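Take a look at the structure below.
The values are calculated or read from the model by the stated rules, or taken from the named source; none is laboratory data. Predicted, not measured: the structure shown is a model, and the values here were computed from it. Cβ: placed from backbone, ideal geometry, glycine included. Neighbour counts: every protein chain shown.
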Amino acid sequence: MVRVWVILGVAVVVFTVYAIVDCALLDRTRIRGLARGWWIVIILFVPVIGGLLWFIIGRGSAARASRGARRTVAPDDDMEFLRRLDSDVEHEERIRRLEQELAELDSDDNNPLGTDRRRPDGPETPGESGGPSGRPNA
């Protein structure tokens with residue numbers, strides 16, 4: 001009979017220690033009812049019943065914690081991320097075009113002859129220009 005009491009006592013101690021460690025390490029959002037410190041006090045002072053109460057009432061389910069938390073989504077499934085990628089590509093293209101235009105303007109400013117590179121077939125100076133038809137004025 002003594003052997004049964006010793007085994008039962010060891011089981012109670014193991015169960016109590018397991019309940020305390022579980023309560024101490026569980027995510028705060030999953031704890032229901034009381035604060036973590038009060039659950040540890042209940043488990044310590046009412047060993048078997050406190051541990052049972054912790055596992056039945058105090059320990060919330062994973063579904064409860066996931067309701068409040070945001071689900072992790074892979075980048076290729078996240079529409080917001082994909083929209084940002086498209087806008088990033090558009091911004092890069094716009095920056096590339098603006099840099100190209102700036103380079104063209106810089107090369108025009110550095111042209112010592114003052115010719116207009118954008119109109120290679122037109123006259124180089126405004127005085128040579130004729131009317132709208134391109135013929136010299138008489």
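Hey, among R32, R59, which residue is charged (D, E, K, R) and touching a Leu at 6+ places or on another chain (Cβ under 7 Å)? Can you show your working first?
Working: R32 fails: touching a Leu at 6+ places or on another chain (Cβ under 7 Å).
It is R59.
Would you point out which residue out of E101, E80, E124 is at pLDDT 90 or above, among the charged types (D, E, K, R) and not assigned by TED's automatic domain parsing to the domain that holds G9? Outline the logic, then answer.
Values: E80 fails: at pLDDT 90 or above; E124 fails: at pLDDT 90 or above.
Going through E101, E80, E124 in turn, the sole match is E101.
Residue check: is A74 modelled with pLDDT under 85 and among the aliphatic types (A, V, I, L, M)? Before you say what the answer is, go through the steps one by one.
Details: modelled with pLDDT under 85: yes; among the aliphatic types (A, V, I, L, M): yes.
In short, yes.
Please indicate, with yes or no, whether at least one residue in the stretch 105-114 is at pLDDT 55 or above, part of a loop (DSSP other than H, G, I, E, B), of a type in the set (D, E, K, R) and exposed (fewer than 10 other Cβ atoms within 10 Å of the Cβ).
Scanning the stretch 105-114, I find no residue that is at pLDDT 55 or above, part of a loop (DSSP other than H, G, I, E, B), of a type in the set (D, E, K, R) and exposed (fewer than 10 other Cβ atoms within 10 Å of the Cβ), so the answer is no.
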